[in-house]
């Protein structure tokens, strides 16, 4: 968690502010879908729930030594993919010009929640959406570690997928992201999981890699 804070959260805030300062737009991915999708205030709760996904990996990814090794590799790749997204934020910046579609929330119970969200994120955290990338990575690794081979796990996995789907929807419905941001995030996550993250997790469970991994960690 400490590693992720300093190597992902802090660089995110820095690149987000830098993009806002540069005020440079590579293109505009706005569509009629983005403009017409209804604003749903309560979806800010699933949006903020992303911050529960990070400790979930730490708390649930420690069942045995192999899972601990995989957890370290997972976190490293998660950080590197975040850096790749930061590079896109700087090289191909997009301003998310949707906040004017949010109705007046002054005096409502949601005012403070949106003040928090808008205070953390300048509208330059566009594509690929890190909310979608990182939440999807966590869902994939938890399904990898805990396959649905019992009714209890199946129900928990189903609940996780519902929560994740609401989070993805929230990025659009509370006007934090364009559909382009979510779609590119899902594609990016699927490719990196299929061809990089999952093969690395499989590899770290082999005897040969365990020995090399432990020797490297000891050094």
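Cβ-Cβ contacts under 7 Å between residues 6 or more apart (or on different chains), taken from a first residue in the range 56-71 that is without any contact (Cβ under 8 Å) to a residue 60 or more places away in the chain to a second residue that is buried (at least 18 other Cβ atoms within 10 Å of the Cβ) and outside any helix (DSSP H, G or I), are listed as 71/61.
Per the listing 213, 188, the residue uniquely under 14 Å from residue 76 (Cβ atoms) and surrounded by 15 or more Cβ atoms within 10 Å (Cβ to Cβ) is 213. Looking across the range 151-173, the residues that are closer than 18 Å to residue 128 by Cα and either surrounded by 14 or more Cβ atoms within 10 Å (Cβ to Cβ) or more than 13 Å from the chain's Cα centre (by Cα) (or both) come down to 164, 166, 167, 168, 169, 170, 171, 172, 173. Each residue in the range 44-67 was checked for being surrounded by fewer than 13 Cβ atoms within 10 Å (Cβ to Cβ) and over 16 Å from the mean Cα position of the chain (by Cα), and 5 of them qualify.
Does residue 105 satisfy being at pLDDT below 95, surrounded by 13 or more Cβ atoms within 10 Å (Cβ to Cβ) and more than 21 Å from the chain's Cα centre (by Cα)? So residue 105 fits the description; yes.
Considering only residues of the range 29-43 that are within 19 Å of residue 127 (Cα to Cα) and in contact (Cβ under 8 Å) with a residue 60 or more places away in the chain, which is surrounded by the most Cβ atoms within 10 Å (Cβ to Cβ)? It would help to see each step written out before you state the result.
Let us first name the residues in the range 29-43 that are within 19 Å of residue 127 (Cα to Cα), namely 29-35, 37.
Narrowing further to those that are in contact (Cβ under 8 Å) with a residue 60 or more places away in the chain: 29-31, 33-35, 37.
Details: 29: 17, 30: 16, 31: 12, 33: 11, 34: 19, 35: 11, 37: 16.
My answer is 34.
The values are calculated or read from the model by the stated rules, or taken from the named source; none is laboratory data. Since we're looking at a predicted model, the values are computed, not measured. Don't worry about glycine lacking a Cβ; one is built from the backbone with ideal geometry, like all the others, and counts go over all protein chains shown.
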